[in-house]
Amino acid sequence: MPMPTHLLPTTVVGSYPQPDWLINRQLLSKMVPRTRVRELWRVADEFLEQAQDDATLLAIRDMERAGIDIITDGEMRRESYSNRFATALEGMDNDNPGIVRSRAGLDTPVPRVVARLQRRGPVELRDMQFLRENTSHAAKITLPGPFTMAQQAKNEFYKDDEEMAMDLAAAVNAEALELQAAGADVIQLDEPWLRNDPEAARRYAVQAINRALEGITVTTVVHLCFGYAAVVPGQKPTGYSFLPGLADTRVSQISIEAAQPRLDLGVLSDLAGKKIMLGVLDLGDPKVESPEVVAERIRAGLKFVAAENLVPAPDCGMKYMPRATAFGKLKALAEGARIVRAELS
């Protein structure tokens, strides 16, 4: 489908709230799973795919009704943004997890890497096909980035994490090429852990991201954030240590969380040549922003980024929010962008 041509096209980061009848949201609220957690799903195995399809249609229609220009499938089939892809790879032992300290400082079960990591076959291909069949909007699909997946696994096979990340990048690339062929207009890599280990990020993150996107000709995005508001409460940093390094990646857009952490938008000047997917919805605030508040946040971004290079979005995925709140915020996003667009014309 054609990408929107107007200024300030709106999009989402990826996830949308899963219905209570599909997933145990109370249990979900306690975790961002790295291993598989079957008990999260409320629906029996034989009906699960059908239920996920129905939830996906709800997410697509909500985004369309809210007025969002570039939509996703809401990630309804995922327990987390990363574990569905990571645990599908050959070489991951999902049954005997290791432990890694999460960004929130909690000991978290993660897959152990016990052999060379390779993609067995498509993981998200049907998701993309279903999305493409059910919307005429521009469509985006997200994949976990190789650096983040390497940080979220226990390496018991590779000589170092860099070698592991490069094999993860090859697996992501094979998937991304199939998603592109299935009609993805935008492919986004989620790399929230880049700021978790900036030293390792400096050594090999750009190389891994570029390998993951080899041969991808559609719009590409790398998403950074400080963690889900529901999972990482309290004060967030006001800057990203690794952000300037992303200028050297082959991605078209950098997605950053700016509303909740009150990010110093001066950092955007380090990313000349990239489009900025700017977080203008604070997902830590249960109140739905007014379109005027969203418009003001967009205007703040326009002080540092040309209008043709700015893509307004939520700060992060909306998975952990009440659905009515998420829908209200997306409507405010679309209307806020419309206000500023009118001022620019």
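What follows is calculated from the coordinates using simple rules that are stated; it is not laboratory data. Predicted, not measured: the structure shown is a model, and the values here were computed from it. Neighbour counts run over all protein chains shown; Cβ positions are idealised from the backbone, glycine included.
What relative contact order, as a whole-number percentage, does the chain give when Cα pairs under 8 Å and 6 or more residues apart are counted? Walk me through the numbers on the way to the answer.
On the way: 716 pairs, mean separation 68.6, N = 345.
Normalised by residue count, the contact order of the chain is 20 percent.
Quick one: Phe85, Phe157, fewest Cβ neighbours within 10 Å first, how do they rank?
Numbers: Phe85 22, Phe157 17.
The most exposed by this proxy come first: Phe157, Phe85.
Return the sequence-ordered ³J(HN,Hα) values of the range 105-117 in whole Hz as given by the Karplus equation 6.51 cos²θ - 1.76 cosθ + 1.60 applied to θ = phi - 60°, using x for Gly and Pro.
For the range 105-117, the Karplus-derived couplings read x, 9, 6, 10, x, 9, x, 8, 8, 10, 7, 4, 7 Hz, x marking Gly and Pro.
Enumerate the amide H contacts of Val311 below 5 Å, restricted to partners 5 or more residues apart or on another chain; note that Pro and chain-start residues carry no placed amide H.
Those lying under 5 Å, H to H, from Val311 are Ile276, Met277, Leu278.
Nearest 20 debye, what's the magnitude of the dipole of the chain about its Cα centre given +1 on Lys and Arg Cβ and -1 on Asp and Glu Cβ?
On the way: 41 positive and 47 negative charges, 102 e Å.
Here the size comes out at about 480 debye.
Return P(r) of the range 1-106 (all Cα-Cα pairs; 5 Å bins starting at 0; whole %; ordered from short to long distances).
Taking every Cα pair in the range 1-106, the percentages come to 2, 11, 18, 19, 18, 14, 10, 6, 3, 0.
Can you give the helix-only mean residue ellipticity at 222 nm for the chain, where every DSSP H stretch with n ≥ 4 adds -39500 (n - 2.57) and the sum goes over all residues, rounded to the nearest 500 deg cm²/dmol?
Details: 9 runs with 115 residues, N = 345.
The per-residue figure over the chain is -10500 deg cm²/dmol.
Quick one: which of 45-55, 146-156, 107-117 comes out on top by average Cβ neighbours within 10 Å, and what's the full order, highest first?
146-156, 107-117, 45-55
Considering the dipole of the chain built from charges on the beta carbon (Lys and Arg +1, Asp and Glu -1) around the Cα centre, which of Ala300, Met164, Val12 is farthest to its positive end?
Toward the positive end, the furthest listed residue is Ala300.
So what's the chain giving for Cα Rg divided by 2.2 N^0.38 Å, two decimals?
Numbers: Rg = 18.6 Å, N = 345, 2.2 N^0.38 = 20.3 Å.
This ratio for the chain stands at 0.92.
Over the chain, how many pairs of lysines fall under 22 Å by alpha carbon, counting only those 8 or more apart in sequence or from different chains?
19
Which order do peptides 249-259, 180-190 fall in by mean Cβ count within 10 Å, highest first?
Working: 249-259: 23.5, 180-190: 21.1.
So the order, starting with the most tightly packed, is 249-259, 180-190.
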